[in-house]
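See below for the structure under consideration.
The values are calculated or read from the model by the stated rules, or taken from the named source; none is laboratory data. Please read all numbers here as calculations on a predicted model, not as lab measurements. Because the Cβ atoms are built from the backbone with ideal geometry, glycine has one as well, and the counts that use them run over all protein chains shown.
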Amino acid sequence: MKRNKIMDFMKRKDVLVATSFCLIAVIALAGILVVQNSNAARTNEEQLADLDEVPNLDRVARWPADEDLMNIANNSSTSSNTVNNNTTNRMNERVLTPEEVEERLAANNDLDVPEEMLINTEEVVDVVSATVETEALPVISFSEVTGLSWPIAGNVIIDYSMDSSVYFATLDQYKYNPALIISAEVNGQVKAVAAGTVIDISAKEETGQTLTMDLGDGYTAVYGQLKEISAVVGEVINEGVVIGYISEPTKYFSVEGSNLYFKLERDGVPVDPMAYLP
């Protein structure tokens with residue numbers, strides 16, 4: 001009977017011990033979880049603090065380490081090696097101020113780049129500008145075979161004459177005439193005899209408002225006794241386009257009446273327009 005009581009007591013003691021160990025294990029596990037949570041929270045706070053210390057990327061720039069430039073220039077590494085090297089080299093980068101960035105950009109010598117790899121931006125601009133101008137301006141060429149079209153419909157009242165003098169009624173004298181004097185009504189339309197570029201518009205005592213066009217290949221056309229000129233210097237005019245209107249004659253042609261003064265030159269020397277007109 002006594003032995004049975006002892007066995008019962010031992011059994012109860014084992015139960016208590018086991019229960020105690022379980023409680024201790026639960027308390028220890030709870031302590032570990034609390035510590036881990038505390039460490040995780042501290043880590044998050046430190047990461048947030050680090051983020052707050054990251055500089056404003058809009059206000060600074062990063063300058064690559066020399067190893068990056070050498071890898072790019074030599075192209076000697078595989079893609080995986082380049083990635084690894086770039087990752088390693090970024091650890092050596094430092095933050096530059098905007099002033100330092102400008103100084104480095106201004107001083108090409110700061111970069112170890114071969115001279116032949118540098119680009120002269122002024123030369124590039126000149127080449128691009130010349131290309132644009134060449135493409136923008138059409139090629140003007142005068143064809144002696146095609147010749148000219150009439151600038152206005154009317155009778156030639158004083159013909160071209162550089163071999164002998166001709167009579168000018170208003171002046172009441174004979175003199176050489178380097179142009180055609182074509183009778184025309186005031187306000188009559190004057191058209192370009194061929195495609196060309198306007199090179200001069202000016203007022204002259206004898207021929208009034210006068211327009212000069214470069215026809216190409218050394219040929220120049222001069223139109224006088226005009227008004228309301230619609231063209232401007234530098235403009236390219238196609239054949240048949242109205243360039244102005246007939247004005248009242250100058251005092252040099254008061255007797256002859258309103259007219260168009262038309263002169264054709266080749267290399268600065270007057271030539272007979274009738275040789276090129278249909």
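Among residues of segment 254-272 that are on the phi > 0 side of the Ramachandran plot, those with a beta-carbon under 8 Å from a residue that is crowded, with 16+ Cβ neighbours inside 10 Å and part of a strand (DSSP E or B) at least six positions away or on a different chain give the pairs G257/S183; G268/T220. S230 satisfies every condition listed in (1) farther than 11 Å from L260 by Cβ; (2) in the same structural domain as G257 (by TED's automatic domain parsing); (3) polar (S, T, N, Q); (4) at pLDDT 95 or above except (4). Out of I246, I201, I237, one residue alone is in contact with a strand residue (DSSP E or B) (Cβ under 9 Å, 6 or more places away or on another chain) and more than 22 Å from I181 (Cβ to Cβ). It is I237.
If you take just the strands (runs of 3 or more DSSP E) that sit entirely in segment 170-278, which of them hold at least 3 residues that are of a type in the set (G, A, S)? Can you show your working first?
Numbers: elements: 173-177, 180-183, 189-191, 196-204, 208-216, 219-227, 242-246, 259-266, 269-271.
In segment 170-278, the matching strands (runs of 3 or more DSSP E) lie at 196-204.
Residue selection: V193 satisfies the criterion of being under 18 Å from P278 (Cα atoms) and either modelled with pLDDT of 95 or more or within 47 Å of the chain's Cα centre (by Cα) (or both).
Scan segment 134-156 and give yes if some residue there is assigned to a strand (DSSP E or B), at negative phi, at pLDDT 95 or above and among the aliphatic types (A, V, I, L, M), otherwise no. Yes: one or more hits.
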